[in-house]
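Data block below; observations after.
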């Protein structure tokens, strides 16, 4: 018949550290794994409170937890470090359960020590990595947040707390409408809601109110993190300050608008011819050449085809020579628009080169001088007419002088001379400023 094993023998073979205490907490029994771990006998272990069996940093907590359990009779659990026989400390989880007699009185405490050192080490490593990650996130030049799948704030970096002047708890109740500029809210809020519903990435520019009430421009980007089933588990949000860029863009836009207005008023267009790329034009340059929205203006051929047949070869040769020799370009020429209208233009171009002397592009301006040419042609016609009338007047003066000499009746001649009356009628039809020229001959 097989011998019944002693309880201590059973406990010695359990792969764990087991301790039995009396009702008042006195050490009564330890199994073999306990003695092997500490390298001490039961008698030596009974003085554990004053020994270094428990890590000094954990001793106070261990004593107070055990005393409270003995006083209340309630089970207890505790994590602390125990010194191994070789001097190394390892983490253990204590699970203490009271054993009661038939009358309900506690007679013993059974305590199981479970080695959790690897778990604790992993947890500490995770905490350390979390601290390092938090430090890295705090150095990111932007506002970093994480949000739940529903879009509620979970975590923010230090920069976010400082910008909004709120605590994390306050920001957890944050909504888009709390800090986004009212003018931007009309598109930012619907877009954020749409992304939360669809799980699509968010990318937009909007203004956010700082703690001092000032609004600054940010680029808001939110990426979803999906779980194994493809559902959104969390949102990672980054707000990048682009206020200076936006301000510069607005100033540039106003500057370009002013330039376009000035070019429109002065009939001046500008252009850029990149050797490795397309030609770019200002709106006024397109208007001067009669460019339609569907026209392909990326190459020089489009503009060469607009040149007046009598000017095209000359201008093409001049432009090609400027490109080859990397010299300034200047020319007066005519273009013919699709409706047959002819415009007179004056163009100046300047080469832009690298430090090595390699030509990068040509930048230039073109002025529509059609009105100037038409005014000059009109002036030339007027001057020719004035000259013709002056010559005719001189002839009439000679005839009149001869007639005066013959008749010596100046007043009568003036009043009755048919040729003179005809000349004076023509003079009256000439501009007042030109009448003096006709009469004086100057």
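Laboratory data are not the source of any read-out in this text; all were calculated from the coordinates shown. As the structure is a computational prediction, the values presented were derived from the model and not from experiment. Virtual Cβ from ideal backbone geometry, glycine too; neighbours counted across all protein chains shown.
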Normalised convex hull volume, the range 1-118, alpha-carbon set, Å³ per residue = 116
Taking the chain as a Gaussian network, Cα atoms linked when under 10 Å apart, which of 202, 225, 400 shows the biggest mean-square fluctuation?
-> 400
Could you put 60, 270 in order, starting from the residue whose Cβ has the fewest other Cβ atoms within 10 Å?
-> 60, 270
For 276, 135, 179, order by how many other beta-carbon atoms lie within 10 Å, fewest first = 276, 135, 179
Cα-based equivalent ellipsoid, the chain: semi-axes from gyration tensor eigenvalues, Å | 107, 25, 18
Multiply the residue gap between residue 149 and residue 360 by 0.36 nm, knock off their C-alpha separation, and tell me the result in nm, one decimal place.
-> 70.9 nm
Residue span residue 85 to residue 387: 0.36 nm per residue of separation minus Cα-Cα distance leaves a gain in nm of 95.9 nm
How far is helix 309-325 tilted off the main Cα axis of the chain, in degrees rounded to 10, range 0 to 90?
-> 50
Going by C-beta contacts inside 10 Å, put 160, 41 in order with the fewest on the left.
-> 41, 160
Go ahead and estimate [θ] at 222 nm for the chain from helices alone: -39,500 (n - 2.57) per DSSP H run with n ≥ 4, summed, over the residue count, rounded to 500.
-> -14500 deg cm²/dmol
